[in-house]
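Asks: Starting off with a structure, shown below.
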Amino acid sequence: METRISTADKGFREWIDGFRQRALAKGISPAVFDRAFRNVAYNTDVIRRDRNQSEFTKQIWEYLDSAVSRTRIENGRAALARHRKLLARIEARYGVEAEIVTAIWGLESAYGRHRGNTPVIEALATLAFDGRRGRFFENQLIAALRILQAGDVMPENMTGSWAGAMGHTQFIPTSYLAYAQDFTGDGRRDIWSDDPADALASAAAYLARFGWRKGQPWGLEVRLPKGFDYRLAGTRNKKPVAEWLALGVRNAQGHGIPEYGRASILLPAGARGAAFMIFDNFHVIERYNAADAYVIAVGHLADRIAGGKPIQHKWPRGDRPLRHSEKREMQQRLTAAGFDTGGVDGIIGPRTITAIRAFQARIGMIPDGYASHEILKQLRRR
Ligand SMILES: [Ca+2]
C-alpha cells in the first residue's frame, strides 16, 4: 500500500514538472505557479470520491425530497429575507428573480453553508494527473491559476468541492473567468468569502448571459387531459401555451395558463408521474446543470420560497432506477426488435426515447417514452 502511494506521488511530482512548462507557456508566471503548488500533494480522497460516483442515479422524487426539503425551503425564505436588498439590486441589474438566485444558492451550497473546503489547485491537479477526463481538469487547473494570477483570491483561500467547484454558487474556474462579477466594487470577484454578494451576482450574470427572461416561469406543473397524445411530450416539441390549452392541458389546479411563450411538456417519470409545462428559462437553468431533476429542483425551490404549492401529482415511488446494464439490455432488445436506438451505450437519449415510444405504441402501451422496468419486462417476453 505504502509503495503504491509513493509511486503515485512520484508520478504526480513528475507530472507537475511537465505541467509547469505547459502552464508557463500559457502565460502563468513562475512565481504564481510555485506559490500555488507549494503545499500540493496527490489527494487520494479526491480520487476516491471521483471513483465512488454511484452507478445508480437517484430517482427524481428521491432527489426532490432532499433538494426541496422543508428545511431547504425554510432556510431559503430566511436567506431571502436576510439578503432582500442585495437580491433586489441583483435582480434589477441582471433581470433574474431573487427567488431563482436564492434557489441556486440553496442547491449549490445550502445558502453558503457548504462551499467546500478542498484546496482547489490540489484537487484539480490530482484529477488532471489521474487522467480520467484529464484534459478537462487540466483546462480547469490553468483557469484556476489565472484566477490566482489576477489576485482575486489567495491560494490558501481558494477552496471548493472535490471536483473544483468553488464558492457560494459553485463555479468551476472556466465559468468563473467568463462570468464572475465584482458586484461589491472592491476590485475582486470574491465568490469564496462569507459575503455572498459577488457570488450571487455571478450566478445571476451567468443566467442572464444565457438568455434568462424575467417574468417567464421556468415551468409549471400541469394536468394532462384524458386521451392526451403522449407523443407530443418532450423538449423537441414546442407550442404556444394557447395551443396546449386547446388540447386540454391545464395548470395543476385545473385552470388556464397565461401566454408565457413557447412551451413543451416534460414527463420526468413518464405518464405515471407529475407533468410539467416548461419554457425557455428551463433551458437557461440547464446551463448550470443539465439534469432535468436539477432544473426542476431549482425552479420548484424558487416557487416554494415564494410561497408556491408543493407538486400535486404523486410519483411512482415503487420504481427502482434501472441499472446501467439494464439500460443497455433495453437498447439491445429494442434494436433486435427493429427499433433503432442509435447504438447501445446505456444512456437513454432522444433516439432511445423515440424507440421506446414506437415500441410502446406497437404493444398498446401509453407512448410516453419512459424507460421503465415494465418496458424491459415486455421486451424480454418477445
Ligand atoms: Ca468584490
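Asks: Given region 68-109, what whole percent of its Cα pairs are spread farther than 12 Å?
Replies: Result for the distance tail: 55 percent.
Asks: If we restrict to alpha carbons, what Rg and Dmax does region 150-249 come to, in Å?
Replies: Reported Rg and Dmax, both Å: 20.3, 61.
Asks: Another question, if that's okay. Report the relative contact order of the chain, percent, no decimals, based on alpha-carbon pairs under 8 angstrom and at least 6 residues apart.
Replies: 15 percent
Asks: While we're looking at this one, here's another question. In nm, to one decimal, how far is the E374 label point from the S29 one, both placed 7 Å along Cα→Cβ?
Replies: For the pair E374/S29, the computed spacing is 6.5 nm.
Asks: Can I ask one more? Taking the Cα atoms of region 2-130, what is the range of coordinates along each of the three principal axes, in descending order and whole Å?
Replies: Here the Cα extents, ordered largest to smallest, are 51, 38, 20 Å.
Asks: Can you list residues whose amide H is under 5 Å from A263's amide H, if they're 5+ apart or on another chain and H is modeled 1.01 Å from N?
Replies: Residues meeting the criterion, in which the H sits 1.01 Å from N, are K239, V241.
Asks: Right, next: Listing E62, E97, E138 from the residue with the fewest other Cβ atoms within 10 Å to the one with the most, what is the order?
Replies: In increasing order of surrounding Cβ atoms, one gets E62, E138, E97.
Asks: Further question on the same structure: Assuming a viscosity of 0.890 mPa s and a temperature of 25 °C, what translational diffusion coefficient in µm² per second does Stokes-Einstein assign to the chain, Rh being the Kirkwood radius over Cα pairs?
Replies: In µm²/s, the coefficient rounds to 106.
Asks: Summing -39500 (n - 2.57) over the DSSP H runs of n ≥ 4 in the chain and dividing by its residue number, what mean residue ellipticity at 222 nm do you reach, to the nearest 500 deg cm²/dmol?
Replies: Only helices count here, giving -15500 deg cm²/dmol.
Asks: Using the charge dipole of region 68-109 (Lys, Arg: +1 at Cβ; Asp, Glu: -1 at Cβ; taken about the Cα centre), state which of A81, A103, A92 has its Cα farthest towards the positive end.
Replies: With unit charges placed on the Cβ atoms, the residue in question is A81.
Asks: Could you tell me how far the Cα centroid of region 6-44 sits from the Cα centroid of region 245-299, in Å?
Replies: 46 Å
Asks: Pulled fully out, how much extra length does the chain show between N251 and T235, if you take 0.36 nm times their separation in residues and subtract their Cα-Cα distance?
Replies: 3.9 nm
Asks: Related question: Expressed in nm to one decimal, what extension gain is obtained for the pair T174 and D186 from 0.36 nm per residue of sequence separation less their Cα-Cα distance?
Replies: Working it through step by step, the gained length comes to 2.2 nm.
Asks: Which far-off residues, 5 or more places away or on another chain, put their amide H under 5 Å from the one on T118, with H placed in the peptide plane?
Replies: G160
Asks: Additional query: Would you order H300, H324 from fewest to most other beta-carbon atoms within 10 Å of each residue's own beta-carbon?
Replies: Fewest-to-most ranking of H300, H324: H324, H300.
Asks: Could you tell me the number of lysine pairs in the chain with C-alpha atoms less than 21 Å from each other, where the two lysines are 8 or more residues apart or belong to different chains?
Replies: Summing the qualifying lysine pairs gives 10.
Asks: Can you work out ³J(HN,Hα) from phi for every residue in region 259-273, in order, using Karplus 6.51 cos²θ - 1.76 cosθ + 1.60 and θ = phi - 60°, giving whole Hz and x for Gly and Pro?
Replies: 7, 8, x, 6, 9, 10, 9, 10, 10, x, 10, x, 5, 8, x
Asks: Then there is this: Return I305, I348, I100 ranked ascending by Cβ neighbour count within 10 Å, so the fewest neighbours appear first.
Replies: In increasing order of surrounding Cβ atoms, one gets I348, I305, I100.
Asks: Oh, and also: Report, in debye and to the nearest 20, how large the dipole of the chain comes out about its Cα centre when Lys and Arg carry +1 and Asp and Glu carry -1 on their Cβ.
Replies: I would put it at about 1200 debye.
Asks: May I ask you to work out the translational diffusion coefficient for region 219-305 at 25 °C, viscosity 0.890 mPa s, via Stokes-Einstein with Rh from the Kirkwood sum over Cα pairs, reported in whole µm²/s?
Replies: It comes out at roughly 187 µm²/s.
Asks: Using the Karplus equation 6.51 cos²θ - 1.76 cosθ + 1.60 (θ = phi - 60°), what ³J(HN,Hα) coupling, rounded to whole Hz, does each residue of region 16-31 give in order, writing x for Gly and Pro?
Replies: 4, 4, x, 5, 4, 4, 5, 5, 4, 5, 9, x, 7, 6, x, 5
Asks: If amide hydrogens are placed 1.01 Å from N in the peptide plane, which non-local residues have theirs closer than 5 Å to the one on A275?
Replies: V222
Asks: Can you work out ³J(HN,Hα) from phi for every residue in region 306-320, in order, using Karplus 6.51 cos²θ - 1.76 cosθ + 1.60 and θ = phi - 60°, giving whole Hz and x for Gly and Pro?
Replies: Once θ is set to phi - 60°, the couplings for region 306-320 become 7, x, x, 7, x, 4, 7, 6, 6, 9, x, 5, x, 6, 8 Hz.
Asks: A further question on this structure: Taking just the alpha carbons, could you work out the radius of gyration and Dmax for region 324-381, both in angstroms?
Replies: Calculated on Cα positions, Rg and Dmax stand at 9.7, 27 Å.
Just so you know, all these numbers are worked out from the coordinates, no wet-lab data involved. Note that the structure is predicted; figures quoted are calculated from it, not measured. We place every Cβ from the backbone using ideal geometry, glycine too, and count neighbours over all the protein chains shown.
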